[in-house]
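The values are calculated or read from the model by the stated rules, or taken from the named source; none is laboratory data. Only a predicted model underlies this, so the values are computations on that prediction, with no experimental measurement involved. Please note: Cβ atoms are built from the backbone with ideal geometry, for glycine as well, and neighbour counts cover all protein chains shown. Heads up: the accessible areas ignore ligands, DNA and RNA and are worked out on the full protein's heavy atoms, side chains in. Shrake-Rupley method; radii C 1.70, N 1.55, O 1.52, S 1.80 Å.
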Amino acid sequence: MSKVRGIAKNMGFLFISQIIIYVIGFFITMSTARYLGAEGFGIISLALSITGIFGIVVDMGLGTLMIRELARDKSFRDKYISNVALMRLFLSFLMLSILILTVNLIGYSSLVKDVIYIISLYVVIGAFVGVFTSVFQSYEKMDYLSSVNIINSFLMLIGVILGICYRLDILYFASVYLISNTLTLIFTIVLYLWKFSFPTFEVNFDFWKPTLKEALPYGLAGIFVTVYYSIDSVMLSIMVNNETVGWYNAAYKLIFVFLSLYSVFTIAIFPVMSRFYENSKESLKYTYERSFKYLLIISLPIALTVTLLANKIILIIYGSNFFPSIIALQILIWTIIFMFINGLSGILLGSINRQLVVTKITGFSVILNVTLNLLLIPTFSYIGASVATVFTELVSVPIIV
């Protein structure tokens, strides 16, 4: 019963913080899209997508592995912090080199490249924030994690408001991401030192190889997931234009509001399921079955309601310039049903050390999604990308469940 109360408490902290974050995020997205227009919003969305794909190289599954291992044995905390932070430093240089080469090969304009470079530094800083938030999550200190996320959201909000008031350009809006994450990193370090202790640096290069090997399936799964979520924006920018990316992402951002609500649950449940695998298989089975049922009950009404009200939702939030986003939202909203189910099954497999299975399934999904985008985008543009996303999730359900 104490475990149930612990999960409920953590979910309560996360849920309240996520409501705050979503309200702030809603204003940020709406204001940024209205101020920058479809093309400017499309460039920011493209930069977030392409840096998100390459940013997984910096993490390489180390964050998830830290959570799992520290949830089981807290004595390795300082060892993981020291070595993971140093590994991420080297991986950051690798990521930035590959990103710069790729962006130049694609041939984006100077403005688009500058925005991408600024956002890439935001991703790097975020990886180091993740070192400490992984510790918070493994200790199930979701109030600490919530504080970090709320601080970051407020900093973003202040930056966006200042940008709109002073009529600043798109490069400033890209810089808001970088500045907010840098200040958040400082706050996170201070919070960690206050609530825990100054970490003892235990750099051990012999620890790197087995750790990276163990984390690699999580990393590959992360790459596949990020490519899956982001590649459509990159392909639309290359095959159509940045304005279309803006229309598509206006709808996609709203989908991620619901996915983020679901992430509250997964953040709280992953360390618990990892422990249940070690201590109580029956509790693990019960947790999964109940979670499956409740996620299905929640997602179906959401999908139906948003489909019926998509017209009003888009016009109220973004304005008439984003009218093409309505049909994208009506299609994309149905992905949440399949994403909820597939995501829960992925969490289960990860908690029982079957992350390689998740990696293989996610890799298949990426190949299918990219193939469908190549076939559908030239003819149907962002509508084709929307259909490709829903169909891929649907096909993945019987494989992963």
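Conditions tested, residue by residue: (1) in contact with a His (Cβ under 6 Å, 6 or more places away or on another chain); (2) in a helix (DSSP H, G or I); (3) of a type in the set (D, E, K, R).
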residue: S92; (1), (2), (3): no, yes, no
residue: Y108; (1), (2), (3): no, no, no
residue: D114; (1), (2), (3): no, yes, yes
residue: L121; (1), (2), (3): no, yes, no
Residue set L183, L162, L171; condition open to solvent by 70 Å² or more (accessible area, probe 1.4 Å), modelled with pLDDT of 95 or more and within 23 Å of the chain's Cα centre (by Cα); output residue L183
Could you tell me whether any residue of the range 153-167 is under 23 Å from L46 (Cβ atoms) and not in a helix (DSSP H, G or I)?
yes
Out of the residues in the range 213-247 that are closer than 29 Å to D78 by Cα and more than 21 Å from the chain's Cα centre (by Cα), which is surrounded by the most Cβ atoms within 10 Å (Cβ to Cβ)?
E214
Which pairs do you get when a residue that is modelled with pLDDT of 95 or more, found in the range 102-115, comes within reach of a residue that is open to solvent by 60 Å² or more (accessible area, probe 1.4 Å) and part of a helix (DSSP H, G or I), reach meaning Cβ atoms under 8 angstrom, with the pair 6+ apart or on two chains?
K113/N104
Yes or no: F198 at pLDDT below 95, open to solvent by less than 70 Å² (accessible area, probe 1.4 Å) and either in a helix (DSSP H, G or I) or on the phi < 0 side of the Ramachandran plot (or both)?
no
Among the residues of the range 304-339, write down those that are surrounded by fewer than 19 Cβ atoms within 10 Å (Cβ to Cβ) and of a type in the set (G, A, S).
G319, S320
Taking the range 96-145 and keeping residues open to solvent by 60 Å² or more (accessible area, probe 1.4 Å), of a type in the set (S, T, N, Q) and under 17 Å from S49 (Cβ atoms) leaves S109
Given the criterion open to solvent by less than 20 Å² (accessible area, probe 1.4 Å) and either modelled with pLDDT under 90 or in a helix (DSSP H, G or I) (or both), identify the matching residue among I50, I20, I7.
I50
Identify the single condition in (1) on the phi > 0 side of the Ramachandran plot; (2) at pLDDT 75 or above that N353 does not satisfy, given that it satisfies every other one.
(2)
Considering only residues that are touching a helix residue (DSSP H, G or I) at 6+ places or on another chain (Cβ under 6 Å) and among the polar types (S, T, N, Q), look in the range 356-380 and name the one that is modelled with the lowest pLDDT.
T359
